[in-house]
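Student: Just passing along the structure, written as structure tokens.
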Amino acid sequence: MAGRPGICYIPLMMQMPADPRSPESRRRRFRPIPVRMLVPNIITLLAICAGLTAIRLSTEGRMELAVAAIVFAAVLDGLDGRVARMIKGQSKFGAELDSLADFVNFGVAPGLILYFWQLHELGNGGWIAAMVFAISGGLRLARFNATMDDPDKPPFAANYFTGVPAPLGAITVLLPIYLAFLTIPKPPAVLTAFYTLLIAFLMVSRLPVFSGKTVRMRVAPEMMLPVFVSVIFFIALLVSYPWHILSACTVLYLLSLPVGWKSYRDHEHRAAAQAAKPAAAAPANPTAPFAAPAAGPDPDDRPARLN
């Protein structure tokens, strides 16, 4: 093909993009996924199966198995993240799947269990209480995801949750059912609805809840065997006396919430005091010809308060 000198012509077929439906394009688009990325997601899917099974068991009236399924889902929820960090299998897909699983397992499932157990006696009022709890769980998870990488958080805030976490909220809201399994008379349906709404409020509140995420616990070699024995002993107690252990742990957790709030406020006040020290210790500029009079304390200069 003739053309002007100095100009190179490229064949038309070389300029056309590759067909996305071709096998070569598909192989390039779908790359192999390491097994270490799949293991945490499989654990999360098992937790979803446990939560959905709990809903089915509650509709069939098998409340003991339904509550056990929620506890099992909470155990799996605590494992998937740790396993992912241990084998370096974190992924954005896994984080989103975990949030969806938490909404089903610790928002929808506990609300439906309580509704089929007793809240249905209140009619629409009981259904509203169950819905409010489920929606609060979803809002709590959405806020956690939105503020996870907030750069304005103080360093000590990494050791606290904002509001009761969804898994602990699900375990806590089922306390009336635990007590009923201990042959304690069932409370009135109105009281159960009020307790459900209270836990829902604690989940979406700005109450600082101690998490212990940044606390690094190391066990001395000589204490390894006693620690293993203690863990096995606790698991044996939980299997043998599940409702006693769950009731006691739930009550202790509710009583510990003011302690976490007090600890957060102490950290907040210390951080504010340390931030004010450099400004107070800074020497005045002796070369300034006119020194402004010292200003009194600003009434708005006080530690930030939780909303």
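Student: Under 5 Å between amide hydrogens, which residues at least 5 positions from residue 62 or on another chain qualify, with H placed 1.01 Å from N in the peptide plane?
Tutor: none
Student: Shifting gears a bit: What order do you get for 46-52, 102-108 when each peptide is scored by the mean count of other beta carbon atoms within 10 Å, highest first?
Tutor: Ranking the peptides 46-52, 102-108 by packing returns 102-108, 46-52.
Student: Given the Cα-Cα distance of residue 86 and residue 36 and 0.36 nm per residue of separation, how much length would full extension add, in nm?
Tutor: 17.0 nm
Student: At what distance in nm do the modelled label points of residue 93 and residue 230 sit from each other, each positioned 7 Å from its Cα along Cα→Cβ?
Tutor: If labels sit at residue 93 and residue 230, their model points lie 4.0 nm apart.
Student: Would you mind pulling out the separation of the Cα centroids of segment 123-139 and segment 224-239, in Å?
Tutor: That distance is 37 Å.
Student: Also, quick follow-up: List the residues whose amide H sits under 5 Å from the amide H of residue 160, counting only those 5 or more places along or on another chain, with H placed 1.01 Å from N in the peptide plane.
Tutor: 211
Student: What's the ranking of 165-177, 256-268 by average number of surrounding C-beta atoms within 10 Å, highest first?
Tutor: So the peptides 165-177, 256-268, ranked by packing, come out 165-177, 256-268.
Student: Sort segment 68-198 into rounded, prolate or oblate with this rule: let a ≥ b ≥ c be the square roots of the eigenvalues of the Cα gyration tensor; rounded if a/c is under 1.5, and if a/c is not under 1.5, prolate when a/b is larger than b/c, oblate otherwise.
Tutor: prolate
Student: Quickly work out the residue 56-to-residue 194 label distance, labels modelled 7 Å from Cα along the C-beta direction, and quote it in nm with one decimal.
Tutor: With each label point 7 Å from Cα toward Cβ, the separation is 3.8 nm.
Student: With θ set to phi - 60°, apply the Karplus curve 6.51 cos²θ - 1.76 cosθ + 1.60 along segment 69-79 and write out the HN-Hα couplings as whole Hz, x wherever there is a Gly or Pro.
Tutor: Couplings: 5, 5, 5, 5, 5, 5, 5, 5, 5, x, 8 Hz.
Student: What ranking, highest mean first, results for peptides 226-239, 186-199 when packing means the other Cβ atoms within 10 Å averaged over each residue?
Tutor: In descending order of packing, they fall as 186-199, 226-239.
Student: What trypsin sites (Lys or Arg not before Pro) does segment 79-112 have in DSSP loop regions with at most 12 other beta carbons within 10 Å?
Tutor: 88
Each reported figure results from applying straightforward, stated rules to the coordinates on display, with no laboratory input. All values reported here derive from a predicted model rather than from experimental measurement. Backbone-built Cβ (ideal geometry, glycine too); neighbour counts: all protein chains shown.
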